[in-house]
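Structure record follows, encoded as structure tokens.
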């Protein structure tokens, strides 16, 4: 899929989507070791313009920025695939507390130095882990 098609589907201006993709690319490159494929197209005035040609996986990555529901589903699927359980998340948080990286607050959230991390275990993970 191209960035032009994504722009049309999301209702975003292509130039703004290109900026967003460029901003997302360093994280993708760090994890996957690849940059997105940059190609060219002719606009309606015949000018040569850049656009991205993305694989299915890259398209899903970009699309999750604009759709909270897709991002939530993708996150849950990734956690299931990684074998993440309620116990493993709790153990990770316990280790971070021991190392002084986080501090649990009265409301159940965790505080990391000067910023607040929302680290409550998602309900979908909690309920699935408890069924095991």
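The values are calculated or read from the model by the stated rules, or taken from the named source; none is laboratory data. Because the structure is a prediction, the values reported are computed rather than measured. So basically every Cβ, Gly included, is an ideal-geometry build from the backbone, and we count neighbours across all protein chains shown.
Some notes on this structure:
- Check on residue 23, farther than 12 Å from residue 3 by Cα and assigned to a helix (DSSP H, G or I): yes
- Strands (runs of 3 or more DSSP E) contained entirely in segment 40-132, each with at least 3 residues that are at pLDDT below 75: 110-112, 115-117
Here is a yes/no grid of residues against (1) more than 24 Å from residue 68 (Cα to Cα); (2) surrounded by fewer than 16 Cβ atoms within 10 Å (Cβ to Cβ); (3) in contact with a strand residue (DSSP E or B) (Cβ under 9 Å, 6 or more places away or on another chain):
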| position | (1), (2), (3) |
| --- | --- |
| 2 | no, no, yes |
| 8 | no, yes, no |
| 23 | no, yes, no |
| 26 | no, yes, no |
| 41 | yes, yes, yes |
| 44 | yes, yes, no |
